[in-house]
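Below is one structure, written out as structure tokens; comments come after it.
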Amino acid sequence: MMSSPAANITSVLKETRKFPPPGAFSAQAHVKSLAEYEKLWQKAHDDPEGFWALQAESLTWFSKWQKVLEWKEPFAKWFVGGKLNASFNCLDRHLVGPRKNKAALIWEGEPGDSRVLRYQDLHREVCKFANVLKGQGIKASDRVTIYMPMIPELAIAMLACARIGATHSIVFGGFSADAVADRNNDAKARLIITADGGWRRGKVVPLKNNVDGALEKSPTVEKCIVFNRCNQQVHMKQGRDMWWHELMMDASADCPAEPLDSEHPLYILYTSGSTGKPKGVLHTTAGYLLGTSYTHRLVFDLKEEDTYWCTADIGWVTGHSYIIYGPLANGATTLMYEGAPNHPREDRFWEIVEKYRVNTFYTAPTAIRAFHKWGDEWPKKHDLSSLRLLGTVGEPINPEAWMWYHEVIGGKRCPIVDTWWQTETGMIMITPLPGAIPTKPGSATRPLPGIEAEIVDKAGNPLAANQGGLLVIRRPWPAMLRTIYGDDERYRKEYWSHVPHAYFTADGARKDEDGYFWIMGRVDDVLNVAGHRLSTMEVESALVHHKRVAEAAVVGKPDEIKGEGISCFVTLKTGETPTEELKKELQAHVVKEIGALARPDEIRFTESLPKTRSGKIMRRLLRDIASGRQTTGDTTTLEDYSVLARLREEEE
Ligand code: WTA
């Protein structure tokens with residue numbers, strides 16, 4: 001259960017730097033100025049349905065919709081009566097012109113192998129695999145689990161499902177057998193697609209072994225298709241398990257895309273609630289495809305010749321929306337990398353940027369802080385001059401990390417798009433348009449045209465500038481989740497019951513005098529110190545601003561006098577030594593940056609922080625440690641269990 005979201009959060013972050021888009025960038029951009037952005041936003045505000053209907057012309061329809069939006073709060077149907085196919089929009093429609101020979105997917109394996117699939121190639125493989133699925137009896141009303149490494153076959157499997165209308169449910173390759181089984185069972189999946197293994201830091205992740213474990217507890221799954229990536233010895237159960245390459249041998253490459261309803265379920269993606277069982281976020285076809293392609297084009301200011309790289313794993317929504325559906329619907333070249341950023345060395349990403357002359361690079365703040373920690377020498381070894389645009393997603397980016405990204409990776413010439421969105425929103429919601437909106441380090445800036453974001457109190461009243469409160473979205477948008485799979489009531493309760501007639505994001509934020517949004521993190525994480533509600537992110541930013549600090553996580557711990565005390569977990573930069581003196585220095589530093597109010601009660605040095613596999617700090621677990629409690633609730637998304645054990649040892 002979400003803690004009751006009291007409204008006002010005191011903001012203490014003082015960031016005044018501002019970076020206008022470079023003139024040459026604006027001149028060639030899709031949206032060229034602040035005035036143009038504002039006009040567009042206003043137009044969408046005045047006639048949202050007209051606005052989205054116009055945008056939807058960019059998709060290819062088998063038959064046109066009759067109604068743009070049917071809204072029965074909290075349930076939306078977009079482009080009612082229309083028929084289309086996501087796989088057709090991502091592939092077939094690009095085969096009629098010069099794009100047919102364009103690279104759709106550039107892939108780099110961790111061991112250094114590489115493949116390029118042109119639109120024609122990807123189309124052929126998808127058609128063949130769609131026929132394989134049909135051959136196994138998979139139909140438009142079925143769910144298929146995909147549990148694969150970051151290899152082209154993952155993209156092929158997704159698009160093949162979409163082609164025949166089977167709803168995919170991708171489970172991140174780092175999850176355990178139990179997590180796979182839970183998701184199989186919740187979705188009632190009939191088939192699972194996996195690989196023998198996948199490469200991660202030079203080792204093989206034993207995916208098929210995990211699937212074997214999962215399938216003992218997944219009664220609905222009848223068949224398992226296995227791609228041979230790593231030549232591992234795996235157990236193949238007769239009658240259930242089949243090799244991908246054997247099935248593909250005789251598959252026909254002729255498989256017309258199924259005309260599907262606009263609201264046909266495209267995929268389910270499980271996201272962990274703060275407690276309890278994972279939620280299956282359901283996305284459907286037309287609105288999702290529209291939302292991701294529209295935002296991918298505008299936010300990344302897409303050019304026909306761009307080489308675009310989003311470093312996320314396809315197991316997360318960022319990979320769904322901005323490695324696969326958005327870019328391919330736009331006929332872009334999307335790059336996909338299989339492995340770790342520090343394998344074999346800490347410059348692997350920069351080597352890839354140089355090798356493929358990447359133009360647009362989209363990553364997460366947690367990765368940026370790691371690069372910063374590893375040192376400037378790694379990016380400096382490489383020619384990064386092909387980059388013209390940078391992006392971030394996943395967490396608030398602290399200004400220090402933003403500045404490093406801007407200077408060292410972007411060479412001070414690339415705009416940075418700090419994109420705020422969620423698994424549930426499906427598409428980017430708040431972000432600078434890179435040719436139009438001046439950036440401020442740490443702010444996701446302004447809502448996209450078509451998006452009505454506001455900062456409100458619990459009753460839904462808008463708050464004044466710079467008052468921290470709840471971030472809500474006022475109107476339905478095309479790529480919004482439609483429900484939690486199989487649980488309409490939980491959907492209503494978690495998203496549409498906290499604030500009257502608004503979508504509750506569960507994030508705290510403030511809007512400054514220029515209308516810029518500053519996300520302060522999850523409302524559940526807010527500190528309550530002596531009656532002041534403070535954002536953990538802002539105290540963390542102050543710590544990371546100290547020259548010896550690489551990363552910090554801040555949580556509240558019960559304090560008899562103040563309500564909550566401030567407990568800080570700090571990771572130092574490579575080569576720095578933790579001392580008692582440094583603890584005092586950091587406490588003083590926070591007081592200097594923010595004020596006595598935010599003085600940390602304790603500082604604990606740690607080698608690493610507990611994070612989800614997608615890089616978000618799990619403050620809930622740190623709260624347990626700080627207050628000496630046992631950990632309860634879901635820890636299945638934790639990246640590295642040993643971190644928790646180590647933190648507890650450091651405790652003793
Ligand atoms: C956080 C990832 C600040 C936020 C696409 C949100 C951000 C949650 C940003 C969703 C950003 C994501 N600035 N915070 N640019 N982007 N978040 O579902 O708390 O993995 O609610 O989707 O991440 O995470 P999810």
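Throughout, read-outs are computed from the coordinates displayed, never taken from laboratory work. Small disclaimer: the values here were computed from a predicted structure and weren't measured. We place every Cβ from the backbone using ideal geometry, glycine too, and count neighbours over all the protein chains shown.
What to note about this one:
- Length gained when the stretch ILE561-LYS188 is fully extended (0.36 nm per residue, less Cα-Cα span): 129.2 nm
- Linear extension gain, HIS245 paired with ASP457, 0.36 nm per residue minus alpha-carbon span: 70.7 nm
- Efficiency of FRET from Cβ geometry, GLU36 and ASN228, R₀ 35 Å, rounded to 0.05: 0.10
- Under 12 Å, Cβ to Cβ, from MET248 - net charge with Lys/Arg +1 and Asp/Glu -1: -2
- Here's the picture: a label point sits 7 Å out from the Cα of GLU351 along the beta-carbon direction, and within segment 300-336 nothing has its amide nitrogen under 14 Å of it.
- Helix-only mean residue ellipticity at 222 nm for the chain, each DSSP H run of n ≥ 4 adding -39500 (n - 2.57), per residue, nearest 500: -8000 deg cm²/dmol
- Rounded Å value of the spacing that divides the Cα centres of segment 462-486 and segment 508-556: 20
- Cysteines not pairable in the chain (beta carbon separation under 4.7 Å absent): CYS90, CYS161, CYS224, CYS230, CYS310, CYS414, CYS568
- Of all DSSP-defined beta bridges confined to the chain, some 60% are antiparallel rather than parallel.
- Within segment 530-651, DSSP assigns beta bridges of which about 75% are antiparallel (rounded to the nearest 5).
- Between LYS584 and GLU216, full extension at 0.36 nm per residue minus the direct alpha carbon distance yields a gain of 127.1 nm.
- Share, in percent, of DSSP beta bridges within segment 260-390 that are antiparallel, nearest 5: 45
- Here is the list for segment 50-87: trypsin sites (Lys or Arg not before Pro) lying in DSSP coil, each with at most 14 other C-beta atoms within 10 angstrom of its C-beta, are LYS64.
- Of the GluC sites (Glu not before Pro) in segment 527-608, the ones in a loop by DSSP (not H, G, I, E or B) with at most 10 other beta carbons within 10 Å are GLU560.
- Other residues whose C-beta falls under 15 angstrom from the C-beta of SER443 contribute a net charge of -2, scoring Lys and Arg +1 and Asp and Glu -1.
- Based on alpha carbons, the Rg and Dmax found for segment 443-512 are 12.6, 39 Å.
- Here segment 319-410 has an Rg and Dmax of 13.1, 37 Å, counting Cα atoms alone.
- Normalised by the number of residues in segment 530-651, the average gap of Cα pairs under 8 Å and 6 or more apart makes the relative contact order 22 percent.
- Residue-count net charge about ALA160 - beta-carbon cut-off 9 Å; Lys, Arg +1, Asp, Glu -1: +1
- Centroid-to-centroid separation of segment 424-451 and segment 564-632 [C-alpha atoms, Å]: 30
- Distance between the pseudo-spin-label points of ASN466 and TRP496 (7 Å out from Cα toward the beta carbon): 3.7 nm.
- Cα pair distances exceeding 22 angstrom across segment 530-651, given as percent: 32
- Contact order relative to length of the chain, as percent, for alpha carbon pairs under 8 angstrom and 6 or more apart: 15
- Relative contact order for segment 277-394: 26 percent, from Cα pairs under 8 Å spaced at least 6 residues apart, divided by residue count.
- Per-residue 3J(HN,Hα) values for segment 370-378, derived from phi via the Karplus relation 6.51 cos²θ - 1.76 cosθ + 1.60 with θ = phi - 60°, read 5, 4, 4, 5, 5, x, 5, 4, 5 Hz in sequence order (x marks Gly and Pro).
- Rounded to the nearest 10 degrees, the angle from helix 152-164 to the longest Cα principal axis of the chain is 60 degrees.
- Placing dummy labels 7 Å off each Cα toward the beta-carbon, the span from HIS382 to LYS203 is 2.4 nm.
- Spacing of the modelled spin labels on LYS412 and LYS100, each 7 Å from Cα toward Cβ, amounts to 4.8 nm.
- Of the trypsin sites (Lys or Arg not before Pro) in segment 254-348, the ones in a loop by DSSP (not H, G, I, E or B) with at most 14 other beta carbons within 10 Å are ARG345.
- The chain: C-alpha pair distances exceeding 43 Å, %: 18
- Estimated translational D of segment 222-332 in µm²/s (Stokes, Kirkwood radius over Cα pairs; 20 °C; 1.002 mPa s): 124
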